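Working notes for the structure below.
Please treat every number below as a calculation from the coordinates, not as lab data. Keep in mind the model is a prediction, meaning the values are calculated, not measured. FYI the Cβ positions are ideal-geometry reconstructions off the backbone, even for glycines, and counts take in every protein chain you see.
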Amino acid sequence: MYRNLLGNLNINTDSNHTFRITENQHLNKGFTLIELLLGLFFISVLLPIIISILLIMVNYELPIVTQIEVFELQYRQLLIREGVGSCEPNLIKTHKHEIYFDKNRIVKSPGYEILLFDVSTIHFNCSDNILEVRLTNGYQSSIAW
């Protein structure tokens, strides 16, 4: 019987001088205890991390931003940057733009940029620097500048 250098294989000869290569059966009976413990350790570490990440993803709610909130922010930033040139009950002119009411929308021109949809009424209170907006769904807002 010849031994392979790897240790796992046996090379046997029979009476016809043919070689047979066989594996040691007692070395490949399954996982060792160390491999099993390492697998359980990694599972016990990774499973809580994965579960907590999934719970955070399921319970996270995106903030809801309404159309009027976006308009208020854009309107205030525009007037802060450019200042008010002139004011009328239905129109505000800045140094570069005009903001006015057109077809149930608040529009900024030049360029006809629609700032707010579904507006039923609008009133610029020039003496108190307040924009009063009423939407078609009944929502009413007053924005000071």
Self-check item: Charge context of residue 94, other residues only, Cβ under 11 angstrom, K/R +1, D/E -1
Solution: +2
Quiz item: Counting every Cα pair in region 69-141, what percent are over 18 Å apart?
Solution: 31 percent
Practice problem: Place +1 on the Cβ of every Lys and Arg and -1 on the Cβ of every Asp and Glu in region 27-104, take the dipole about the Cα centre, and give the residue among 62, 95, 51 whose Cα lies farthest towards its positive end. | Solution: 51
Practice problem: Whole Å is fine, so just give me how far the alpha carbon centre of region 101-126 lies from that of region 42-74. | Solution: 35 Å
Quiz item: Considering amide H positions built from the backbone, and no H for Pro or chain starts, which residues 5 or more places from residue 120, or on another chain, come under 5 Å of its amide H?
Solution: 134, 135, 136
Quiz item: If we count every other residue with Cβ under 15 angstrom of residue 143's Cβ, Lys/Arg +1 and Asp/Glu -1, where does the sum land?
Solution: -1
Quiz item: What list of ³J(HN,Hα) couplings, whole Hz, do you get for region 56-64 from phi and the Karplus terms 6.51, -1.76, 1.60, once you set θ to phi - 60° and write x for glycine and proline?
Solution: 5, 5, 6, 8, 6, 10, 6, x, 8
